[in-house]
Amino acid sequence: MNPYEANFRNVSARLGAWALGMARLYRRPLIVLIVASVTTAVGVNAAQEDSAAAQAVMAQVAAR
């Protein structure tokens, strides 16, 4: 079998090996990026929930 033949198995194996190499090479920056993204997403979600809660409180105060 020709390892350079462009079939799905060979191409996916080469792409997987490339991705694994990139993950090993850039492990720490990737971890920092992922943690920062998760932290940002959690913060934005919390801010949106706080905003909705604040709007509900303001509606109750305005109704008095």
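Could you give every pair whose Cβ atoms fall below 6 Å, whose first residue belongs to the stretch 2-14 and is free of Cβ contacts under 8 Å to residues at least 60 places away in the same chain, and whose second residue is part of a loop (DSSP other than H, G, I, E, B) and not hydroxyl-bearing (S, T, Y), counting only separations of at least 6 or pairs across chains? Note: no pairs meet the criteria.
Kindly evaluate G43 against the criterion of being surrounded by 10 or more Cβ atoms within 10 Å (Cβ to Cβ) and modelled with pLDDT under 90. So that I can check it myself, show each step before the final result.
Numbers: surrounded by 10 or more Cβ atoms within 10 Å (Cβ to Cβ): yes; modelled with pLDDT under 90: yes.
It is true that G43 is surrounded by 10 or more Cβ atoms within 10 Å (Cβ to Cβ) and modelled with pLDDT under 90.
Residues that are within 14 Å of the chain's Cα centre (by Cα), of a type in the set (A, V, I, L, M, F, W, C) and either part of a helix (DSSP H, G or I) or at positive phi (or both) do not occur anywhere in the stretch 46-64.
Applying the criterion of being more than 18 Å from the chain's Cα centre (by Cα) and open to solvent by less than 80 Å² (accessible area, probe 1.4 Å) to the residues of the stretch 17-40, the residue that is farthest from P3 (Cα to Cα) is G21.
The values are calculated or read from the model by the stated rules, or taken from the named source; none is laboratory data. Keep in mind the model is a prediction, meaning the values are calculated, not measured. Every residue, glycine among them, receives a Cβ derived from its backbone with ideal geometry; neighbour counts consider all protein chains shown. Surface accessibility is based on the protein's heavy atoms, side chains included, excluding ligands, DNA and RNA. Shrake-Rupley method; radii C 1.70, N 1.55, O 1.52, S 1.80 Å.
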